[in-house]
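Below: the structure, in structure tokens.
The values are calculated or read from the model by the stated rules, or taken from the named source; none is laboratory data. A quick note: this is a predicted structure, and the numbers were derived from the prediction, not measured. Cβ sites come from the backbone with ideal geometry, for glycine too, and all protein chains shown count toward neighbours.
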Amino acid sequence: MNVPLLEVRGLTKHFPVRGGVLLRRIGDVHAVDAVSFSVRRGETLGLVGESGCGKSTVGKTLLRLLEPSEGSIFFEGRDITHLGPAELRALRREMQIVFQDPFESLNARHSVGRILEEPFVIHRMGTAAERRRWVDELLERVGLSSDAAQRYPHEFSGGQRQRIGIARAIALRPKLIVCDEAVSALDVSIQSQVLNLLLDLQRDMNLALIFIAHDLAVVKHMSDSIAVMYLGQIVEYASAADIYSRPRHPYTRALLSAIPVPDPIDREVRRRTRIVLEGDVPSPIDPPSGCRFHPRCVHARPDCATRVPLLERAFEEAHPEVRVDAATRGAPDAFAAVACHYWQDINTSIP
Amino acid sequence: MSEVVLSVDALSTEFAVEAGVVRVVDKVSFELTAGATLGIVGESGCGKSVTALSIMGLLPKPAGRVVEGRVLLNGLDLLRLPKDALQQIRGRRISMIFQEPMTALNPVQPIGRQLIETLRLHGDVGDRRAARARGIELLAEVGIPAPDRRLDDYPHQLSGGMRQRVLIAIALACRPEVLIADEPTTALDVTIQAQILALIARLQRERGMAVIFITHDLGVIAETADRVVVMYAGRVVETAGVAALFANPLHPYTRGLIASMPQLQHVPKSRLPTIAGMVPALSALPQGCRFSNRCSHATTICAIEPPLERVDMAHGVACHHWREFGA
């Protein structure tokens, strides 16, 4: 068995909620609760879910931009959960993150050339001339002309800024990039350009990606495996093809069913069969007992309010206890795991 | 043929910017029939929102100005109405909802007061108690649970989806004939978007209201619209019934837009077709066809502005080369 590039076990992140005149801790936001997954070299894990499901918190915690409350993160088999500042800096060469608007995290008063040179300076790499050449190479790699180096962030459009953000992320040739809603703010014609760029870079650099987005069609397009999150937990975790052709968790089914399809022909059928969830996502400060989805689930039974459904680590060969659907057996690398007590009943009752 | 409720005829809007004056909307025409949904689709800067604001008389002053055209609401030209007359029509006969209800709602007033204010301003609802009862009724109609208690909530106490419901309740309080929805679900999660789209569709059906649905999302267009107007850089490039537009898109921009969308049935991790380059600044548009600098089919004739040609009774396209595409 080859070691996964990144492995996460029981990752948990709680944020304290303070109140009263003394700002005492009166509760916790359960942003991420006991999340486990793994990513192999050159592969993409998609993290999907709606606002407040914890997907961005997972991304930031992986890079230790947030401190995990519990659980472990392994990078190339090494536990990085408690690395000190110097080791963390070294780790940043291997793991990077691209945000929705990269310029929120970059200095608007620095030229693009200086922004792209910075990673090399921090890591004391190259001479000034070498670094200039590397910056030119980076710009070319992401499809920008070298005169971009003299210009400033505000002179670029959203798509170009994202290219610069990506250039900065790949500067030190990392093995993993977390893309946190990296294309969400872009128009569709620009989005497709940036998605293609990410696919090219992944192939050329054998990059692993963690692709966090709320757009399920985009996530499906980019991912090898997908974890669907709801209120801080993974409710379904499977190979990408599998999760879209045979969603098992009632939440995944509702999420997929809600996607507007750019094909008007069958829309009346879709309207009749669409699963429209009632109500809003409950507060992560006081999440529902048992299965967190049960108050919105049409299939919920009384014990769903008391028994917590578990999602075991999903790789079939590593964990035979995980429920793997017979239909997916045999397909290379196919796997599926679902955190629902009654998923088998639901899946047989619905065509 | 159904009757036309709203007719927009050669509408042009200009904005004063530092560099001079730019034409953000250029000779845009379309018709909205009673009870139907017209989708206006296009990317950032295509002029779709400014078209809506021009219709509503809500352009930011003094920067924005309608320079020509007519907007006929059942024959009444909204662009030539005195301010107070337009005020009476806005909200009562034609209403608008926006992407971010938080900015459209007053943050320091309970939502009930904002709703009741609209009712009292436009409708004949009688005394305070009657208005409150009507407010509760409206909140219930847009699917807000426990509306009698919600009436005293402030906007920040509600979720994004609930705020959009409140905005819809306010917009529909006076039973307008036309609702303009400008990206009403763009800021919402997909399951909440499904709720809001279903809500708008139900209210439209119950009231026989016509809707202009403005969005960048072709998926939303395919789910909601009867007719579609595709805009690019301030102009209408294609207009058609929704089935024809997706089955037989004729403008290279429409074709590129549809092709570049990742779709669930695509082969994963395959390269997506793209549209080269990006939308030029309105102050630096190419001569003639505004899409020509990004278009792989462009030839010398494209330096001449293409007229919106009729392909058939219901399908129009502004491209010199459309005959080469077609299904």
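Odds and ends about this structure:
- Screening A:Ser245 against (1) under 25 Å from B:Arg165 (Cβ atoms); (2) at pLDDT below 90 leaves a single unmet condition, (1).
- Answer residue from the range B:206-219, given it is of a type outside the set (Val, Ile, Thr) and more than 12 Å from chain A (Cβ to nearest Cβ) and is farthest from the chain's Cα centre (by Cα) among those: B:Glu206
- Some residue of the range A:45-61 being under 15 Å from the mean Cα position of the chain (by Cα), under 20 Å from A:Ala339 (Cβ atoms), among the basic types (Lys, Arg) and modelled with pLDDT of 90 or more: yes
- Residue identified as assigned to a strand (DSSP E or B) and more than 21 Å from A:Ser223 (Cα to Cα) among A:His82, A:His14: A:His14
- Given (1) polar (S, T, N, Q); (2) surrounded by fewer than 15 Cβ atoms within 10 Å (Cβ to Cβ); (3) within 24 Å of B:Arg294 (Cα to Cα), index of the condition A:Gln150 fails: (3)
- Looking only at the range B:233-243, and only at residues there that are crowded, with 23+ Cβ neighbours inside 10 Å and assigned to a strand (DSSP E or B), the one that is nearest to the other protein chains (Cβ to nearest Cβ): B:Ala240
- Checked against the criteria, B:Ala198 counts as surrounded by fewer than 20 Cβ atoms within 10 Å (Cβ to Cβ) and either touching a strand residue (DSSP E or B) at 6+ places or on another chain (Cβ under 6 Å) or within 9 Å of chain A (Cβ to nearest Cβ) (or both).
- Listed by position, the helices (runs of 4 or more DSSP H) inside the range A:149-250 whose residues that are more than 14 Å from the chain's Cα centre (by Cα), more than 8 Å from chain B (Cβ to nearest Cβ) and free of Cβ contacts under 8 Å to residues at least 12 places away in the same chain number at least 1 are A:188-205, A:240-245.
Residue-wise test of (1) part of a helix (DSSP H, G or I); (2) at the interface with another protein chain (Cβ under 7 Å from one of its Cβ atoms); (3) at pLDDT 95 or above.
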position: B:Arg202; (1), (2), (3): yes, no, no
position: B:Ile221; (1), (2), (3): yes, no, yes
position: B:Met231; (1), (2), (3): no, no, yes
position: B:Leu245; (1), (2), (3): yes, no, yes
position: B:Tyr253; (1), (2), (3): yes, no, yes
position: B:Met261; (1), (2), (3): no, yes, no
position: B:Leu272; (1), (2), (3): no, yes, no
position: B:Met278; (1), (2), (3): no, yes, no
position: B:Ser283; (1), (2), (3): yes, no, no
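- For B:Ser296: the one exception among (1) within 11 Å of chain A (Cβ to nearest Cβ); (2) within 28 Å of A:Ala217 (Cβ to Cβ); (3) exposed (fewer than 15 other Cβ atoms within 10 Å of the Cβ): (1)
- Every residue from the range A:83-138 that is β-branched (Val, Ile, Thr) and touching a residue at least 60 places away in the same chain (Cβ under 8 Å): A:Ile97, A:Val98
- Of all residues in the range B:289-318, those satisfying the criterion of being within 11 Å of B:Tyr253 (Cβ to Cβ) and of a type in the set (D, E, K, R) are B:Arg290, B:Arg294.
- Residue check for A:Gly42: over 18 Å from A:Cys179 (Cβ atoms), assigned to a loop (DSSP other than H, G, I, E, B) and within 14 Å of another protein chain (Cβ to nearest Cβ): no
- Residue in the range B:18-36 that is in contact with a strand residue (DSSP E or B) (Cβ under 8 Å, 6 or more places away or on another chain), among the hydroxyl-bearing types (Ser, Thr, Tyr) and within 22 Å of B:Pro307 (Cβ to Cβ) present: yes
- Residue match in the range A:16-34 (condition: within 14 Å of chain B (Cβ to nearest Cβ), touching a residue at least 40 places away in the same chain (Cβ under 8 Å) and closer than 20 Å to A:Val308 by Cβ): no
- Matching residues in the range B:234-279 - criterion: being hydroxyl-bearing (Ser, Thr, Tyr) and under 22 Å from B:Glu223 (Cβ atoms): B:Thr239, B:Tyr253, B:Thr254, B:Ser260
- Residues of the range B:168-186 classified as assigned to a loop (DSSP other than H, G, I, E, B) and of a type outside the set (Val, Ile, Thr), total: 7
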